[in-house]
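Quick notes on the structure that follows.
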């Protein structure tokens, strides 16, 4: 077999693997492990949340600081706080960004909600947990896709950054893009992080920080936490809100 033929076969194999990963990331997960009632709730909640956020999002006014730190020329690891999921999902929609999603009842309808906005969902397996999802995200970023982390999720403590995003950035060479979005008017749900749902015609203040390139995840942890804290305080101050 010639070198050219070998190279063509490798390219075809890589293309097939990439297509398989894309199908997995952007397709709704099977719900076989859930009861009939749970499957109905997951499907209904995913659709309802999508239409609520889409309808309200169309009425919002966004003001952005730090847009110069963003780039479309390379994959990024977007990082933000868990309670900003609804507004962040709307703001960064239709970019093919891949997010981590655990295998749990709540995560299933949230995954479907964000997938309807054009995101991919990297699922942790039942046996390997978050590691499986992280491996999928590493492969996705290396193939040119951007990723996103709610860095204090899925269960907190609130506003304490976990190391997953730093590890992903280190493994892939992609830059972390920290940002914060604060609303001048919103509903807060009775969850552990008081997740924020924007009210119609609210103003959303987006503050994007400088890109962070990670060589050593341990060395960057304090800087990462500090950057996220400062961005949240800045966007909250602009919105006149108190998280």
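Just so it is clear, none of the values below were taken in a lab; they were calculated from the coordinates. The model shown is predicted, which means the values in this text are computed figures rather than measured ones. Heads up, the Cβs are rebuilt from the backbone with ideal geometry, glycines too, and the neighbour counts pull from every protein chain shown.
Between helix 3-26 and the chain there is an angle of about 30 degrees, using the helix long axis and the longest principal axis of the Cα atoms. When both region 32-48 and region 108-123 are represented by their alpha-carbon centers, they are found 14 Å apart. The convex hull defined by the C-alpha atoms of region 29-150 has an orientation-averaged projected area of 8.1 nm². Label positions at residue 93 and residue 194, each projected 7 Å from the Cα along the C-beta direction, are separated by 2.7 nm.
What FRET efficiency comes out for residue 201 versus residue 44 if R0 is 25 angstrom and r is the Cβ-Cβ distance? Round to the nearest 0.05. Efficiency, from the Cβ-Cβ distance: 0.40. Entry note: the chain has Rg to Rh equal to 0.99, where both radii use alpha-carbon atoms and Rh is the Kirkwood radius. The ranking of 241, 35, 107 from fewest to most other beta carbons within 10 Å of each one's beta carbon is 35, 241, 107.
Which residue, 23, 32, 216, tops the fluctuation ranking in a GNM of the chain built on C-alpha contacts under 10 Å? Highest fluctuation of the listed residues: 32. For region 116-186, a Kirkwood hydrodynamic radius built from all Cα pairs, placed in the Stokes-Einstein relation at 4 °C and 1.567 mPa s, yields a translational diffusion coefficient of 95 µm²/s.
In whole angstrom, region 145-218 maps to an equivalent ellipsoid with semi-axes of 27, 16, 9, each derived as √(5λ) from the alpha carbon gyration tensor and ordered largest first.
Most simply put, the chain has about 35% antiparallel DSSP beta bridges, counting only bridges with both residues inside it. Across the chain, the mean sequence separation of Cα contacts (distance under 8 Å, 6 or more residues apart), normalised by length, yields a relative contact order of 24 percent. Semi-axes of the equivalent ellipsoid for region 21-80, computed as √(5λ) from the eigenvalues of its C-alpha gyration tensor and ordered from largest down, come to 32, 20, 9 Å. Of the residues 72, 219, 236, the one with the fewest other Cβ atoms within 10 Å heads the list, and the complete ranking is 72, 219, 236.
The helix-only estimate of mean residue ellipticity at 222 nm for the chain, built from DSSP H runs of length n ≥ 4 each weighted as -39500 (n - 2.57), is -15000 deg cm²/dmol after division by the residue total.
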